[in-house]
Amino acid sequence: MAEIILDHITKRYPDGALAVEDFTMDIADGEFVILVGPSGCGKSTTLNMIAGLEDITSGELRIGGQVVNQKSPKDRDIAMVFQSYALYPHMTVRENMGFALKLAKTPKDVINQKVEEAARILDLTQHLDRRPANLSGGQRQRVAMGRAIVRDPAAFLMDEPLSNLDAKLRVQTRTEISRLQRRLGTTTVYVTHDQTEAMTLGDRVAVMRTGVLQQVASPKELYETPVNLFVAGFIGSPSMNFLSGTLEDGKLRTSLGDFALSERLRREVESEGTGREVIVGVRPENFEDASLVSPDNRPNGITFHASIDVLESLGSDVFVYFTRGRDQGVNSAELEELAQDSGRGDAGGTGDTIVARLDAATRIREGHDAELWIDGRQMHVFDPASGRNLSLAVSREGDGAAIRAVSPASGTAEPPAASETGSGQPVSGGAGEAT
Amino acid sequence: MAAITTTPRQKAGWGVTNFVVIALALIPVLWMVSLSFKTPAAVLDPSFIPSQWTWGNYDQILSTSQFVRPLINSIGIGIIATLVAVVFASMAAYAIARLRFPGKSVLIGMALLIAMFPQIALVTPMFNIERSLGLFNTWPGLIIPYVAFGLPLGIYTLSAFFREIPWELEKAAKVDGATPFQAFVKVIAPLAAPGMVTTAILVFLACWNDFLFAISFTSTISSRTAPAAMEYFSGSSQFTVPTGPIAAAASFITIPIIVFVLFFQRRIVAGLTSGAVKG
């Protein structure tokens with residue numbers, strides 16, 4: 001058990017490439033911290049530096065109060081679970097799990113006892129004398145976990161331990177890891193590129209991008225108050241929708257309609273000095289079928305018409321996809337990076353498809369025109385140049401909702417897509433037209 | 001991929017070609033075996049199959065120290081040279097496969113250079129060096145050059161094997177508390193064992209088959225190896241050529257090679273090609 005303190009850690013490779021830049025973070029004793037980010041963001045490098053498998057270029061790393069920069073991995077008292085599990089193929093499960101203890105010259109009976117205890121926890125008892133080659137993926141993963149827990153180390157480091165499992169097993173193992181960590185109470189640093197794992201497992205999540213730490217916060221905080229475009233786009237599935245917006249006459253004009261800005265937010269946007277262009281972020285669940293919104297709630301947002309391209313019903317929710325033909329889409333380096341990471345860039349999908357998550361009771365049908373409501377209170381406004389979340393500063397000051405709907409009447413005044421196709425009328429071939 | 005279709009004609013063509021190639025390779029060997037079973041009087045008999053079979057030649061060579069002692073030398077020198085070469089080659093290959101260090105390409109280049117160097121050109125200088133160092137006509141006098149020429153082969157074969165072992169295993173061992181040496185001995189080396197066996201076989205065969213160094217750096221049967229010793233067989237009188245005993249000795253030392261190759265065929269091929277295709 002120990003706390004891990006990363007104090008201005010920087011990693012620069014001999015060829016000059018900067019992998020991790022000025023990473024500072026305190027990980028409390030017993031905490032479960034997730035490092036998350038797209039591939040190449042430096043999260044694994046950070047983990048390897050904590051493990052001692054990579055040298056730290058500058059900064060200080062303390063584990064349990066001791067500076068360990070110069071210590072070799074074996075003197076750091078940490079256990080690591082690798083993405084490939086890295087089980088020793090020539091050893092049985094028992095030998096794999098006991099290897100660290102054997103190297104530490106632990107008496108044989110103690111090793112046996114600890115290995116059997118761990119095997120019992122992980123349900124591996126009947127596999128103890130088999131070799132890794134004869135085990136299934138899930139069993140191998142558990143052996144890798146077992147190898148870590150028998151040592152009772154100061155900290156667990158996990159490098160994408162679930163990414164080689166199939167989807168179903170991954171969810172199951174995820175809960176197991178969570179339970180195990182709570183039971184053992186060992187400080188854990190977990191690296192993943194999967195934001196679902198990050199959100200479900202961690203006490204705190206650290207989002208990284210190109211070697212720079214973006215935000216460290218609890219999953220809820222990260223979701224509700226992302227500090228910048230990158231975090232907003234990375235966290236959440238399906239991800240946040242981004243629209244370009246313009247500040248005009250104190251209103252925020254978007255292709256979905258006009259929103260009134262609070263005084264503070266307007267000042268914030270203007271004082272940033274990047275002009276009147278902003279990026280507006282809306283989470284899919286902040287949309288709703290207008291007919292299902294209670295009249296009391298309606299004034300908190302605006303309604304608009306859209307032609308639904310695709311509808312996916314998951315039983316509990318309904319996802320609808322539509323495009324805003326007029327929207328130019330948003331341009332931002334951070335969003336481009338996200339798109340590339342998720343494969344959207346390569347898939348040729350346009351960035352301006354909007355995803356909305358609606359109540360399962362909705363009667364909206366695919367290919368038809370629908371009236372949707374958008375919750376203005378939950379919108380985020382980003383500065384396109386810096387990516388900073390401008391609404392965050394305002395809402396933190398206790399101003400309440402940063403954005404209000406202008407009014408129910410003026411809110412619907414501009415139903416862009418619908419106005420072109422005939423408002424309220426079912427449009428045949430609407431999906432085709434919208435694309 | 002489209003299956004390659006062969007017409008009966010093509011098949012027949014291939015069959016004939018294969019037969020000719022195999023016959024060309026095997027006839028001298030079979031001729032040698034045949035000679036070894038012929039009586040001294042029948043050596044000049046042109047028939048392929050001996051008219052009268054005899055173990056006499058084998059009895060003769062195995063009953064004199066002129067062959068038995070060199071056979072022991074061959075086995076001893078071969079095994080020692082192989083072990084030394086494999087141990088050093090595996091350490092060097094591991095470094096080459098895993099580490100970045102100044103002079104790495106020079107090391108690889110030197111190894112290749114040694115492998116390419118015409119051995120005959122080295123015989124005279126090495127003869128003089130060995131004589132002045134007192135290594136001439138000793139086991140070390142043969143072991144050292146065998147190790148030197150076995151190393152490049154070993155380094156090349158083994159580094160290809162090491163490169164295929166996932167690096168994460170070594171990281172895992174380090175995190176588990178192993179020193180780099182322990183990680184190598186307990187994790188990496190056991191996994192590279194097939195590669196080491198292959199290398200050992202190749203190096204041993206090279207030592208076993210060597211004639212040039214064996215004849216140049218030895219003067220008595222105390223260190224002369226079997227291939228060289230056959231040179232010194234004498235006939236029953238100084239006017240008879242000891243064809244039978246030589247054929248018997250040659251057949252005798254070929255047996256281990258055949259056994260090796262039959263047993264380890266796959267390994268040897270893997271070892272020879274692993275660097276070429278995957279490396």
Which condition does A:Gly245 not pass, out of (1) in contact with a helix residue (DSSP H, G or I) (Cβ under 9 Å, 6 or more places away or on another chain); (2) of a type outside the set (Asp, Glu); (3) buried (at least 19 other Cβ atoms within 10 Å of the Cβ), if it passes all the others? (1)
Is it the case, given these coordinates, that A:Asp77 is within 14 Å of chain B (Cβ to nearest Cβ), touching a residue at least 60 places away in the same chain (Cβ under 8 Å) and not aliphatic (A, V, I, L, M)? yes
Yes or no: A:Val207 within 22 Å of A:Ile354 (Cα to Cα) and of a type in the set (A, V, I, L, M)? no
Please give the number of the condition B:Thr218 fails out of (1) within 19 Å of B:Asn57 (Cβ to Cβ); (2) crowded, with 18+ Cβ neighbours inside 10 Å. (1)
Counted residues, the stretch A:201-232 - those being touching a helix residue (DSSP H, G or I) at 6+ places or on another chain (Cβ under 6 Å), over 28 Å from A:Ser244 (Cβ atoms) and surrounded by fewer than 20 Cβ atoms within 10 Å (Cβ to Cβ): 1
For B:Phe136, indicate whether it is surrounded by fewer than 21 Cβ atoms within 10 Å (Cβ to Cβ), under 22 Å from B:Val84 (Cα atoms) and within 14 Å of chain A (Cβ to nearest Cβ). no
Residue count for the stretch A:82-109, restricted to those that are within 25 Å of A:Thr192 (Cβ to Cβ) and within 9 Å of chain B (Cβ to nearest Cβ): 8
On the basis of being of a type in the set (Gly, Ala, Ser) and within 15 Å of the chain's Cα centre (by Cα), does A:Ala217 make the cut? yes
The listed residue being of a type outside the set (Ser, Thr, Tyr), farther than 25 Å from B:Ala193 by Cα and outside any helix (DSSP H, G or I), out of B:Pro70, B:Pro102: B:Pro102
Against the conditions (1) on the phi > 0 side of the Ramachandran plot; (2) more than 26 Å from the chain's Cα centre (by Cα); (3) of a type in the set (Ser, Thr, Tyr), where does A:Thr210 fall short? Just the number, please. (2)
Go through the stretch A:117-142 and report how many residues are part of a loop (DSSP other than H, G, I, E, B) and more than 14 Å from chain B (Cβ to nearest Cβ). 8
Could you pull out every one of the helices (runs of 4 or more DSSP H) wholly within the stretch A:143-246 that has 2 or more residues that are under 26 Å from A:Asn48 (Cβ atoms) and charged (D, E, K, R)? A:167-184
Within the stretch B:122-148, residues at pLDDT 90 or above, hydrophobic (A, V, I, L, M, F, W, C) and in a helix (DSSP H, G or I) come out as B:Val123, B:Met126, B:Phe127, B:Ile129, B:Leu133, B:Trp139, B:Leu142, B:Ile143, B:Ile144, B:Val147, B:Ala148
Residue hits (the stretch B:92-107; of a type in the set (A, V, I, L, M) and touching a residue at least 40 places away in the same chain (Cβ under 8 Å)) are B:Ala92, B:Ala93, B:Ile96, B:Ala97
What pairs come up if the first residue lies in the stretch B:38-56 and is without any contact (Cβ under 8 Å) to a residue 40 or more places away in the chain, the second is among the basic types (Lys, Arg) and in a loop (DSSP other than H, G, I, E, B), and their beta carbons are under 6 Å apart, counting only those six or more places apart or on different chains? B:Pro50/B:Lys38
Candidates A:Gly59, A:Gly40, filtered to the one that is among the small types (Gly, Ala, Ser), under 13 Å from A:Val191 (Cβ atoms) and out of contact with any Phe, Trp or Tyr (no Cβ under 7 Å at 6 or more places or on another chain): A:Gly40
Please list, ordered by residue number, the strands (runs of 3 or more DSSP E) wholly in the stretch A:1-81 having 2 or more residues that are β-branched (Val, Ile, Thr) and crowded, with 23+ Cβ neighbours inside 10 Å. A:4-12, A:18-27, A:32-36, A:78-81
Would you mind telling me which numbered condition in (1) surrounded by fewer than 17 Cβ atoms within 10 Å (Cβ to Cβ); (2) under 35 Å from the mean Cα position of the chain (by Cα); (3) not in a loop (DSSP other than H, G, I, E, B) A:Asn112 fails? (2)
Complete set of residues in the stretch B:57-110 that are in contact with a Leu (Cβ under 9 Å, 6 or more places away or on another chain) and closer than 23 Å to B:Glu170 by Cα: B:Val86, B:Phe88, B:Ala89, B:Ser90, B:Ala92, B:Ala93, B:Tyr94, B:Ala95, B:Ile96, B:Ala97, B:Phe101
Out of the residues in the stretch B:221-234 that are polar (S, T, N, Q) and surrounded by fewer than 23 Cβ atoms within 10 Å (Cβ to Cβ), which is nearest to B:Glu130 (Cα to Cα)? B:Ser222
Within the stretch B:15-53, which residues are aliphatic (A, V, I, L, M) and under 15 Å from B:Val241 (Cβ atoms)? B:Met32, B:Leu35, B:Ala41, B:Ala42, B:Val43, B:Leu44
Given (1) away from chain A (no Cβ under 14 Å); (2) part of a loop (DSSP other than H, G, I, E, B), identify the lone condition not met by B:Ser159. (2)
What are the residue pairs meeting all of these: first residue in the stretch A:30-54, first residue in contact (Cβ under 8 Å) with a residue 40 or more places away in the chain and within 14 Å of another protein chain (Cβ to nearest Cβ), second residue among the aliphatic types (A, V, I, L, M) and in a helix (DSSP H, G or I), Cβ atoms under 7 Å, and 6 or more apart or on different chains? A:Ala51/B:Val175
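The values are calculated or read from the model by the stated rules, or taken from the named source; none is laboratory data. This is a predicted model, so every value here is computed, not measured. No Cβ is skipped: glycine too gets one built from the backbone with ideal geometry, and neighbour counts run over all protein chains shown.
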